[in-house]
Amino acid sequence: EKGGYEHFMIKEIFEQPRSIKDCMRGRLDSQTGRLILGGLREYVNKLVNADRILIVACGTSWHAGLVAEYFFEEFCRIPVEVEYASEFRYRNPVIREGDVVIAISQSGETADTLAAIELAKSKGAIIFGVCNVVGSSIARATHAGAYTHAGPEIGVASTKAFTAQLTVLNMIALLVAQKKGTITEQKLHEMLVEMETIPEKVERALQLNDQIQDIAATFKDAHNFIYLGRGYNFPVALEGALKLKEISYIHAEGYPAAEMKHGPIALIDEEMPVVFIATRDSSYEKVVSNIQEVKARKGRVISVVTEGDQLIPKMSEFVIEVPAVHEALMPMVSVIPLQLLSYHIAVMRGCNVDQPRNLAKSVTVE
Ligand code: F6R
């Protein structure tokens, strides 16, 4: 059942080129410029005309929501708020006509997310679901939606569900942008072509496995980790830190790189590993300065960079090179080495990676 792999988690990490491809199959075609999401058809105009999009989710799914916030705002020019379902449901949130809710959940059973949906529904909002488990409670509670089709995810730490969520959310956003006219035909074509390259780029990122295993061996006894990124890579930093803490029990924090100087920088000394997600994008120069700030305080820098980067390797103890891709799609590629890093560290520490202590695959109690 683990297909020759030692754990479900690593099997699922390696399934991603396939699961992303399955997620796009029959839905995205760069040749014709068509995006077809059958489960959305009836309600898609609600999204096109939305005054605001509210995204509700928990954990890793919430991180996917953060990436989607940047993506929807960039391509659809619709304001987006990303909410922890548990906070949203208990604070008497403002939900207006013209708001559309997107709920993201791998399991489709997360109690807080389900309750957030019911609350928004009771106020008249239209709800879209992005779920992995077909026929799950959340899939049934929403008005419309699109499945991620990642296949069963058994490891408690979410991996392939995350990249499939991003794939679906990107397709929804591009479809809305197309209908709204906030993207040119040429740009849309370019994005669809880029989307189609993702499985192959993820495959190449997976080839870094041996190198990442060596990095893991160096840092397996660390007590803390900091993950930093900006722009589309900021949620990736959060996700990298969550993966590490949940399966290896090493304390880790993810931060937007620029926020570091508002507090976390005080933690940096010669023992602190700092993972920068520093691929070539519009915030590249800014991230380079943040790396210099960490270096100046003797932090141990591990950088995820775009292949061929000349500058950051000179400033890093370890560099992980991933293939270039449009910055809005980079999270699907840049998260791969972070998944692998947390996996190998957890294995080296003798942790139960598929079933970490105190955690359940679906959190059906609040
Ligand atoms: C992290 C993880 C959890 C889930 C969260 C939401 O690896 O697995 O943080 O992402 O419990 O679960 P779903 O997506 O099933 O609603």
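The values are calculated or read from the model by the stated rules, or taken from the named source; none is laboratory data. Values in this document were obtained by computation on a predicted structure and should not be read as measured data. All Cβ positions, glycine included, derive from the backbone under ideal geometry; neighbour counts span all protein chains shown. The protein model used for the area step is the full one, side chains on, heavy atoms only, and it has no ligands, DNA or RNA in it. Shrake-Rupley method; radii C 1.70, N 1.55, O 1.52, S 1.80 Å.
Odds and ends about this structure:
- Per residue, in Å², the accessible surface of region 206-350 once ligands and nucleic acids are set aside, probe 1.4 Å: 37
- FRET efficiency estimate (nearest 0.05) - Cβ-Cβ, Lys314 to Ile36, R0 41 angstrom: 0.30
- Centroid-to-centroid separation of region 1-69 and region 129-168 [C-alpha atoms, Å]: 8
- Restriction of the trypsin sites (Lys or Arg not before Pro) in region 28-113 to DSSP coil positions whose beta-carbon has at most 15 other beta-carbons within 10 angstrom yields Arg77, Arg91, Arg96.
- A simple rule links phi to the HN-Hα coupling: the Karplus curve 6.51 cos²θ - 1.76 cosθ + 1.60 with θ = phi - 60°, which for region 360-366 gives 10, 5, 10, 9, 8, 10, 7 Hz, with x for Gly and Pro.
- Within straight-line reach of Lys121, meaning a Cα separation under 12 Å, sit the following aspartates and glutamates at least 8 residues removed in sequence or on another chain: Glu97, Asp99.
- Cα-Cα separations in the chain greater than 40 Å, expressed as whole percent: 10
- Note on the chain: GNM, Cα springs under 10 Å; of Gly308, Gly129, Gly254, the largest mean-square fluctuation is that of Gly308.
- Note on Glu185/Lys286: beta-carbon distance plugged into 1/(1 + (r/R0)^6) with R0 of 30 Å gives a FRET efficiency of 0.40.
- Between Leu40, Val156, Met24, the Cα set farthest toward the positive side of the dipole of the chain (charges on each charged residue's Cβ, about the Cα centre) is that of Leu40.
- Shape category assigned to region 132-285 from the gyration tensor of Cα positions, a/c cut at 1.5: prolate
- Within the accessible area of the chain, the carbon and sulfur atoms contribute 47%, probe 1.4 Å, all protein chains present.
- Treating r as the C-beta distance of Lys220 and Glu194 and R0 as 25 Å, the FRET efficiency rounds to 0.10.
- 1.4 Å probe accessible area per residue over region 72-158, in Å²: 40
- 0 to 90° range, to nearest 10: angle between helix 185-206 axis and the chain longest Cα axis: 40
- Nearest 10 degrees, 0 to 90: helix 234-248 Cα axis against the chain principal axis: 70
- For Ile126, distant residues with modelled amide H under 5 Å away: Val101
- For region 299-366: rounded, prolate or oblate by the Cα gyration tensor [a/c cutoff 1.5]: oblate
- Length-normalised contact order for the chain - Cα pairs under 8 Å, 6+ apart - percent: 19
- Tensor-based shape of region 92-208 (alpha-carbon gyration tensor, a/c under 1.5 rounded, otherwise prolate or oblate): oblate
- Taking every C-alpha pair closer than 8 Å and separated by at least 6 residues, the mean separation divided by the residue count of region 301-366 gives a relative contact order of 22 percent.
- Against the chain, whose longest principal axis comes from its Cα atoms, helix 284-296 is set at around 40 degrees.
- Separation of the alpha carbons by more than 24 angstrom is noted, of Lys46/Lys123; Lys21/Lys286; Lys160/Lys298; Lys11/Lys314; Lys220/Lys295; Lys187/Lys314, for Lys21/Lys286; Lys160/Lys298; Lys11/Lys314; Lys187/Lys314.
- Within the chain, helix-based [θ] at 222 nm, where runs of 4 or more DSSP H residues each add -39,500 (n - 2.57), nearest 500: -14000 deg cm²/dmol
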